[in-house]
Amino acid sequence: MRRRGGDPRALSPLVPLVAGAAISAAIALVIGLVVAWVPSARGTDARGADRGPEPPVPSPAGSPVPIDPPGYSPVKPVIDGSFADPAVIEAAGTYYAYGTNNADATMPVATAPMPTGPWRTSPGDGLARLPAWAAEGRTWAPEVVPPQGGSRSYVLYFSARRKDGDEQCIGTATASSPAGPFVPLEDGPLVCPLDLGGAIDAASYIETDGTRYLLYKSDEQKTAAIYLVRLSPDGLRLAGTPKRIMGRGADEPVLVEAPELIRRGNEYVLLYSAGWYFEAAYQTRYAVAPSIEGPYEKAGPLQSTALYGGAVEGPGSVDAFSDQTGDYLAFHGILDHHGGSRVTRGMYVARLGWDGARPVVRGVPVRYEAERGRLNGCVFALDRPHASGGQAFGPFARGDCRVDVPVFAPAAGEYSIRVRYANRAGGDSDLELSVDGHAAASARLHATKGDGWTSVTAKVELAAGWNTLGLRSPGRAEIDYLDLR
């Protein structure tokens, strides 16, 4: 799944703590009992793996939603330190995150009681040791798969440097507990295409019929691409020939990497990163295909520094996971620059919503040009050279004039609506907002002068999915756009 290394504190050899093994043994006993007694699952998580009963249909706006812990925000790191390339799973009610090596561990592990935290890094090391073929210092982008079928083993895929070369290869390890320590298999790398510069960023995908696949990135910069290969039922061996399913597009920065595959109905959504992980231009993009092998049609950026308005820098290396309320994205963003490719990347978690096969991430502001809303005959689109897109709508000629703007919410909850407007009536007026025909909020529109535009923010409750946001304001107000965040 993700881009590896680069953290300045991730270069020294690391030794697992003995205490970690004892803790893991106790956790393994608990997990074993839970696996033995929990009824068989009926659903799959965001990447296709077993996750238990299907989640409920999204609730309407204003109904109870999960309470996020104090201080949580989708644009603030849940791990404010070196925890790059995160992968997240759930086991027995606890969430486990795994990251690229840092100063404390070859594979750091963190836990939380719910997806949004609070997250706490665990003592010790999630990886007992490296296999004989691997060198210390570049253990990147872990992917952990919970037990499948009748197995009780957690499977880890990781990238590491070969001892007899500079290439990265993908290895495997297993553990009886999600906390580890994971013990590597010693029969050589699982994937190591030296003719392509090696391989990194392993990502697991499990079809609805149980067929297992591995996605990865070939590591030579000029030919970097995403590959797909079928695995054996236990996930520990290759069972097919790797196929190149996607390369870099002309409009994408430097290279593509960090695949994450999700099935939505009959379509496959491939999330991936583009660019250098240590630069602000690093971003998350996505592509959609009717078949697991493609062809994948690219749809553009999903996360970027610009889309976040600078609130998150270089977002990428995503991992999708689920709870009973829906889907989430774990990803990293740059917290600090230390010169060159040396950066510190922290872990973020955000709600992931779906408009069919189109992913939408909570925390990424979405702009809706107001003139594209449904105008009811007494409000009109206006050419305004200083407005976004050169147009706005207004004025509200009568008190019953209303404009309806469809907006999409990735999850139910409270959202901020920033309205850019001009009010040239010579005095203040009020803006009334409704959601799906019900009064929701109001905001004061202060008078503006000349060609000037200003903005006001209101908070509204939205349901997951599409909502109709109505705007009404007696007077001469003109509306440029709405930012949903």
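Read-outs: derived from the displayed coordinates by stated rules, not from any lab. Quick caveat: nothing in here was measured; it's all calculated off a predicted structure. Note that each Cβ is placed from the backbone with ideal geometry, even for glycine, and that neighbours are counted across all protein chains shown.
Please work out the Cα center distance from segment 240-275 to segment 82-113, rounded to the nearest Å. Here the answer is 24 Å between Cα centres.
If you plug the beta carbon distance of THR457 and ASP251 into 1/(1 + (r/R0)^6) with R0 = 41 Å, you get a FRET efficiency near 0.80. Helix 18-37 and the longest principal axis of the C-alpha atoms of the chain enclose an angle of approximately 70°. Shape of segment 18-363 from the C-alpha gyration tensor: rounded (a/c under 1.5, with a ≥ b ≥ c the square roots of its eigenvalues). Legend: residue pairs LYS163/LYS298; LYS163/LYS222; LYS76/LYS163; LYS217/LYS459; LYS76/LYS449; LYS76/LYS459, Cα-Cα distance threshold 31 Å; pairs beyond threshold, LYS163/LYS298; LYS76/LYS163; LYS217/LYS459; LYS76/LYS449. Taking only the C-alpha atoms of segment 157-278, the Rg (one decimal) and the largest Cα-Cα distance, Dmax (whole number), read 14.8, 45 Å.
Remark: spin-label model distance GLU414-GLN324 equals 2.5 nm, labels positioned 7 Å along the Cα→Cβ axis. The orientation-averaged shadow of the Cα convex hull for segment 208-303, equal to a quarter of the hull surface, comes to 6.7 nm².
Taking packing as the residue-averaged number of other Cβ atoms within 10 angstrom, the listed peptides 136-143, 73-80, 232-239 run from highest to lowest as 136-143, 73-80, 232-239. Between HIS338 and ASN266, the simple label model (points 7 Å from Cα in the Cβ direction) yields a spacing of 5.1 nm.
Kindly identify segment 64-165 as rounded, prolate or oblate by the Cα gyration tensor criterion: order the square roots of the eigenvalues as a ≥ b ≥ c, call it rounded if a/c is under 1.5, otherwise compare a/b with b/c, prolate if a/b is larger, else oblate. Oblate shape, in that a/c is at least 1.5 and b/c is the bigger or equal ratio.
A viscosity of 0.692 mPa s and a temperature of 37 °C, combined with the Kirkwood radius over C-alpha pairs in the Stokes-Einstein formula, give segment 367-484 a diffusion coefficient of 235 µm²/s. Within segment 109-138, which residues have the backbone N less than 13 Å from the label spot 7 Å out from ARG162 along Cα→beta-carbon, could you tell me? Backbone N within reach: 133-135.
Over the chain, dividing the summed -39,500 (n - 2.57) contributions of all DSSP H runs of at least 4 residues by the number of residues returns a 222 nm mean residue ellipticity of -1500 deg cm²/dmol. If the chain linking ASP436 and TYR72 were pulled fully straight, counting 0.36 nm for each residue of separation and taking away their Cα-Cα distance, it would gain 128.2 nm. Modelled this way, with points 7 Å down the Cα-to-C-beta line, the labels at ASP355 and THR223 are 3.9 nm from one another. The amide H of ALA225, built 1.01 Å from its N in the peptide plane, has SER218 as neighbours under 5 Å, considering only residues 5 or more places off or on other chains.
Using C-alpha pairs under 8 Å with a sequence gap of at least 6, the mean separation divided by the residue count of segment 18-363 gives a relative contact order of 16 percent.
Here's the picture: a label point sits 7 Å out from the Cα of ASP209 along the beta-carbon direction, and within segment 231-251 the residues with their amide nitrogen under 18 Å of it are 231-235, 239-241.
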